[in-house]
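As structure tokens, the structure follows; a few thoughts come after it.
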Amino acid sequence: MKKILFFTLLLIGKSAFTQTYVSDESRFVKDTTLVVLEDDAGSAYNTLMKKALQKFWSITPYKFITESVFKSTYTGRVGK
């Protein structure tokens, strides 16, 4: 009897956490991914990131922004 109760509670707890994960995943797929580039337009990092995303990223739409735009627009808003 104790084993049945334990497994029942375990499954209920697991399903409660699973619902949250699905919600986060569906929200992620619908959003645009922001890729933060260095302020120096000619940096090797910027060039490589642009090429890599164009070649490999297909999960979500993406947008390139500079580090200064990110700091002025999104500082303090991450995770909200």
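Observations on the structure shown:
- Residue within region 38-56 that is of a type in the set (Val, Ile, Thr), in contact with a helix residue (DSSP H, G or I) (Cβ under 9 Å, 6 or more places away or on another chain) and modelled with pLDDT of 90 or more present: no
- Within region 60-77, the set of residues being of a type in the set (Phe, Trp, Tyr) and in a strand (DSSP E or B) comprises Tyr62, Phe64.
- Top-ranked residue of region 40-59 - restricted to ones that are surrounded by 12 or more Cβ atoms within 10 Å (Cβ to Cβ) and outside any helix (DSSP H, G or I), ranked as farthest from the chain's Cα centre (by Cα): Ser43
- In region 49-62, the residues that are within 11 Å of Thr32 (Cα to Cα) form Cβ pairs under 8 Å with partners that are assigned to a loop (DSSP other than H, G, I, E, B), at six or more places apart or across chains, as follows: Thr60/Asp31; Thr60/Thr32; Pro61/Thr32; Tyr62/Thr32.
- Count of region 28-39 residues which are in a helix (DSSP H, G or I) and hydroxyl-bearing (Ser, Thr, Tyr): 0
The values are calculated or read from the model by the stated rules, or taken from the named source; none is laboratory data. Note that the structure is predicted; figures quoted are calculated from it, not measured. Positions of Cβ are generated from backbone atoms using ideal geometry, with glycine treated the same way; all protein chains shown enter the neighbour counts.
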